[in-house]
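Here's the structure, in C-alpha cells; my notes come after.
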Amino acid sequence: MPRVKVNELLKHATENRYGVAAVNTLNVETVKYVIAAAERERVPVIVQFYPGFENYTALKHLAFAACDMAERASVPVAVHLDHSNSFEIAVKGIRDGFPSVMVDGSALPFEDNVALTAAVVRTAGIFGVDVEAELGHVGSGDNEDDIVNSDHYTRVDQAVEFVERTGCGSLAIAVGNAHGPYVKTPNLDFDRIKAIRSKVSVPLVLHGCSDIPQEQLKEAVNLGMSKFNIATEYFRAMYQAMEKGIASGKFDGNAVGLMFDIQEDMIGFVVEKIRLLNPNKFSL
Ligand SMILES: [Zn+2]
C-alpha cells in the first residue's frame, strides 16, 4: 500500500469521526510495533519522530525506515516529524526525507509564529510536504500552570487568523493538554475545542495524550479532533515490557530474545490506544 499523506489521512479521519494515533518512535522496532497494531485494527496510523532524539537515531535513518515500512503496510500509514522549533530543523527534516513536518513556533509571539510557520509552509510546499503548526502553547505536564492556566490556551479568533495567514495543513491546539507525565489530571476545555472546530477549516491535533483520561480522549474525538500524539506512555510501555522480560529470568542475558519477547506488549499497547481513539468503530 502506498504511504499516505498526513493531511489526506487527517481529512479522512475528520470526515469519518475517528482519531488517528500519532505515535512517537525512536528506532526501527518502535516503528514496527505501531504499524503492526494498525494492521491488526484495520485503521490508518501516523508514525512520528521527535528531532530532539536525533543524537540517538539520525532523521534520515528514521525517515527512510518509516517510509519504507509504511509502503509495505496493509493499511494507510503516514510519516511525520514532530516539534521542529526552528525553520532550520523543519527544513532539515524535509531534506532528510520526512513527508510531513511540524513547525512549532508556539513559544513565540503571535506575529513571529505566523512568520515562521508561513515560511516553513512555503518551503515545504515546493517539496509537497505537509505542515502541522501550533498555536497557543502546549507546555509541560510537570508544570501545573501550563495545564490549568487558560492564558496559554489557543484563542479561537487567533486560530482562524493563524490558519488563514499561514496556510498550515493542520493545527495543534492548547486546551488543557501538556507534554510528558501530568502532575495534575488534565481537564480538557471542550467548549474551546468545539469553538475552534466550528471556525477552523484544517484538522486539529492534540499533543500530550499520554495519561489524559480515556473519556476525555473519546470526547475530543467526538468533537472532531483528528490527530492524537502519544509519546510518554509508549516509551513507558517499552520500559515496562523490558523490565517484565528481564524479571522473568527467561532470557539470561539474551537481548535478542528479550526484543522478540516485548513485541506483543508493545503492539498491544498501541492496539488499545487505537481502539480508544475509534469510539465510532471505523474500519477499513
Ligand atoms: Zn507535542
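The set of residues from segment 225-234 being hydroxyl-bearing (Ser, Thr, Tyr) and part of a loop (DSSP other than H, G, I, E, B) comprises just one member, Ser226. Taking segment 45-100 as the range and being among the charged types (D, E, K, R) and in contact with a helix residue (DSSP H, G or I) (Cβ under 9 Å, 6 or more places away or on another chain) as the test, the residues that pass are Glu54, Lys60, Arg72, Asp82, Lys92, Arg95, Asp96.
For segment 42-59, enumerate the residues that are more than 19 Å from Val120 (Cα to Cα) and either over 18 Å from the mean Cα position of the chain (by Cα) or outside any helix (DSSP H, G or I) (or both). Matches in segment 42-59: Arg42, Val43, Pro44, Val45, Ile46, Val47, Glu54, Asn55, Tyr56, Thr57, Ala58. The strands (runs of 3 or more DSSP E) found entirely in segment 91-210 that carry 3 or more residues being within 24 Å of Glu233 (Cα to Cα), within 20 Å of the chain's Cα centre (by Cα) and not charged (D, E, K, R) are 100-103, 170-173, 204-206. Of the residues examined, Ile274 is one that is touching a strand residue (DSSP E or B) at 6+ places or on another chain (Cβ under 6 Å) and β-branched (Val, Ile, Thr).
Would you confirm, using the coordinates I've provided, whether Ala58 is in contact with a Lys or Arg (Cβ under 6 Å, 6 or more places away or on another chain), in contact (Cβ under 8 Å) with a residue 24 or more places away in the chain and on the phi < 0 side of the Ramachandran plot? Here the answer is no, as Ala58 does not meet what is asked.
On the stretch given as segment 141-154, residues that are in contact with a His (Cβ under 7 Å, 6 or more places away or on another chain) and either more than 16 Å from Ile196 (Cα to Cα) or touching a residue at least 24 places away in the same chain (Cβ under 8 Å) (or both) total 2. Residues in segment 235-281 that are aromatic (Phe, Trp, Tyr) and in a helix (DSSP H, G or I): Phe235, Tyr239, Phe260, Phe269. Any residue at all in segment 173-191 that's of a type in the set (D, E, K, R) and touching a Gly at 6+ places or on another chain (Cβ under 8 Å)? Checking segment 173-191: at least one residue is of a type in the set (D, E, K, R) and touching a Gly at 6+ places or on another chain (Cβ under 8 Å). Of the residues making up segment 237-266, those that are within 16 Å of Ser210 (Cα to Cα) and touching a Phe, Trp or Tyr at 6+ places or on another chain (Cβ under 7 Å) are Ala237, Met266. Among the candidates Ile94, Ile35, Ile46, Ile89, the residue that is touching a Phe, Trp or Tyr at 6+ places or on another chain (Cβ under 6 Å) and of a type in the set (Val, Ile, Thr) is uniquely Ile94.
The test for being surrounded by fewer than 14 Cβ atoms within 10 Å (Cβ to Cβ) and either at pLDDT 95 or above or of a type in the set (Val, Ile, Thr) (or both) does not hold for Val175. So which pairs qualify, if the first residue must be in segment 125-140 and more than 18 Å from Pro203 (Cα to Cα), the second must be more than 10 Å from the ligand (Cβ to nearest atom) and of a type outside the set (A, V, I, L, M), the Cβ gap must be under 7 Å, and the two must be at least 6 apart or on different chains? Note: pairs meeting the criteria are Gly139/Asp146; Gly139/His152; Ser140/Asp146.
When the residues of segment 180-204 are filtered to those that are within 16 Å of the ligand (Cβ to nearest atom) and more than 17 Å from Ala220 (Cα to Cα), the one that is surrounded by the most Cβ atoms within 10 Å (Cβ to Cβ) is Tyr182. Once segment 89-131 is narrowed to residues that are surrounded by fewer than 22 Cβ atoms within 10 Å (Cβ to Cβ) and within 15 Å of the ligand (Cβ to nearest atom), the residue that is farthest from Asn7 (Cα to Cα) is Ala107.
The values are calculated or read from the model by the stated rules, or taken from the named source; none is laboratory data. All of these numbers come straight from a predicted model, not from anything done at the bench. Here the Cβ is made from the backbone with ideal geometry for all residues, glycine too, and neighbour counts use every protein chain on show.
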